[in-house]
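S.K.: Below are the structure tokens for one structure; questions will follow.
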Amino acid sequence: MKDVRYALRQFAASPVFTATVVLTLALGIGATTAIFTLVHAVLLNSLPVAKPSELYRVGDVENCCVCVNGGLQDNWSLFSYDKYKTFRDNTPGFIELAALQAGGDLVGVRRSGTSQLAQSIRSEYVSGNYFAMFGISPYAGRLIAPDDDHKGANPVTVLSYRAWQQKFGGDRSIVGSSVNLNGQPFTVVGIAPASFFGDRLGNPAAFWIPIADEPLIDGPNSILDFPQQDWLDVIGRIAPHADPKQIEAHLQVELQQWLSSPIAKLQPGEAALVSRQTLHLAPGGAGVQMLRDEYQSGLHLLMWISALVLAIACANVANLMLVRATNRKLQTSIRAALGAPPSRQIRQVLTESLVLAALGGIAGVALAFAGTRIILHIGRACSANFAPITSSTSIRRWPDTNRPSLRRFTGRFTSRSAASRESAR
């Protein structure tokens, strides 16, 4: 502590040197941290769901939004509702296998019984086990269940927390009430958790709608009953100790068998290409990563540039410290003459360096928060799309008041011992 106090007195006596070093470190640390916050959020972080490491996507490429039989390409990632049901009902190794719309639609939304004008809001079709597969618990009401995802079921929808706050003013009476989506009445059965923004980072949905209700929304443009129309991403939670390679091989056989069946309605000459059709499982903990694929090259470049800025800042600080040591040669010589051992003098210099590093780090973190806020503000001002990214790298953690219920994904909640709850925590 004496060394620290002495270092602070030395810095107070040299304010220009101290300010130069602290600001140089702050710029280097702040720029690198701000860019890494974005890299972490877009490229590295997982969805705010239960056990994201167990999630796998069927397909390892990003495609949007509708195509016919995948164009019989070598690598599949989009599937029709009929193909999805084939995979869901016949593929061992998955605890849950859910489907979700590739991309999204804008629907006209108006609360029933009001004279307000309809608003154009983004929606997404999902299978009945979508929220159960992710292990999500509702903020209010309930979520879409498998019984909601079949023809003849009462039309229901789930509202995102953000849309509930921004579009409906946080009115809790929205749960259980009716809204018109493209003129069709739907019951809002629940509100999703505040931290859950869906299965993708960019431009998340405000309403989730069961896939079976797609004809109600799209009317004559419906593609639900056209098995050749591929428009769904498929994500599943694999069973413990299941081998993804075996599941992948089984899915590929199912795909080729489906394409060989009469329901596929292949064009002349396409039957010979069926044996070449493949698909691959890919980690799905980060969800659909269209935003990652779009910006990863630019973010990598920014990360390298910011790292270079930090290296230059460290080199400049090192040069400043060497110049300062040269100017203190007389003081060092007097200390040595008075009997100060070399180890004592080295410790004092190291203490001064650590204090400067701490001051620069504190200033750098403050600058990183400000820099990230500015970058996000500019990005949102230049784009109509919303991305749930904040100036904190922990943007996708569950709030303590809204932590998801960890369940065994068997369709029911089970009681757990205190030890297992502590382990889950």
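S.K.: Considering only protein heavy atoms, what is the solvent-accessible area of His40 at a probe of 1.4 Å, reported in Å² to the nearest 10?
M.R.: Accessible area of His40: about 40 Å².
S.K.: Under 4 °C and 1.567 mPa s, how fast does segment 113-235 diffuse according to Stokes-Einstein, given a Kirkwood radius computed over C-alpha pairs? Answer in µm²/s, whole number.
M.R.: Taking Rh from Cα pairs, D becomes 87 µm²/s.
S.K.: Hey, what do the phi angles of segment 55-60 turn into as Karplus ³J(HN,Hα) couplings, whole Hz, using 6.51/-1.76/1.60 and θ = phi - 60°, x for Gly and Pro?
M.R.: Karplus values, whole Hz, x for Gly and Pro: 8, 9, 8, 8, x, 10.
S.K.: Which value, in Å² and to the nearest 10, is the accessible area of Glu62 when all protein chains are kept and the probe is 1.4 Å?
M.R.: 40 Å²
S.K.: Spin-label point model (7 Å from Cα, Cβ direction): what's the Arg344 to Thr332 distance in nm?
M.R.: So the label points at Arg344 and Thr332 sit 1.7 nm apart.
S.K.: Moving to a separate point now. Please work out how much length the chain gains when fully extended from Asp89 to Gln267, using 0.36 nm per residue of separation minus the C-alpha to C-alpha distance, in nm with one decimal.
M.R.: 61.4 nm
S.K.: So with the 1.4 Å probe, I'd like the accessible area per residue for segment 46-163, rounded to whole Å².
M.R.: Per-residue accessible area for segment 46-163 comes out at 39 Å².
S.K.: Here are some values of Kirkwood radius over Cα pairs in Å: (i) 25.3; (ii) 23.1; (iii) 21.7. Which one was computed from this structure?
M.R.: Answer by label: (i).
S.K.: What's the extension gain from Asn316 to Val253 if we count 0.36 nm per residue and subtract their Cα-Cα distance?
M.R.: 16.6 nm
S.K.: Also, quick follow-up: Expressed as a rounded percentage, what relative contact order does segment 142-193 have, with Cα pairs under 8 Å and six or more residues apart?
M.R.: 44 percent
S.K.: Using only DSSP helix segments of four residues or longer, with each worth -39500 (n - 2.57), what per-residue ellipticity at 222 nm results for the chain after dividing by its residue count and rounding to 500?
M.R.: Dividing the helical sum by the residues of the chain leaves -14000 deg cm²/dmol.
S.K.: Roughly how many percent of the accessible protein surface of the chain is carbon and sulfur, given a 1.4 Å probe and a whole-percent answer?
M.R.: So the carbon and sulfur contribution to the accessible surface is 59 percent.
S.K.: What is the spin-label model distance, in nm, from His377 to Leu308 if the labels are put 7 Å beyond Cα along the C-beta direction?
M.R.: Each label point lies 7 Å from its Cα, and together they span 2.8 nm.
S.K.: Follow-up question, since we're still on this one. With an 8 Å Cα cut-off and a minimum separation of 6 or more residues, compute the relative contact order for the chain in percent.
M.R.: It rounds to 31 percent for the chain.
S.K.: Using a 1.4 angstrom probe, figure out how much accessible area segment 206-272 has per residue, in square angstrom, rounded to the nearest whole.
M.R.: Solvent-accessible surface per residue comes out at 46 Å².
The values are calculated or read from the model by the stated rules, or taken from the named source; none is laboratory data. None of the values given here were measured: they were computed from a predicted structure. Note that each Cβ is placed from the backbone with ideal geometry, even for glycine, and that neighbours are counted across all protein chains shown. Accessible surface areas use protein heavy atoms only, side chains included; no ligands, DNA or RNA. Shrake-Rupley method; radii C 1.70, N 1.55, O 1.52, S 1.80 Å.
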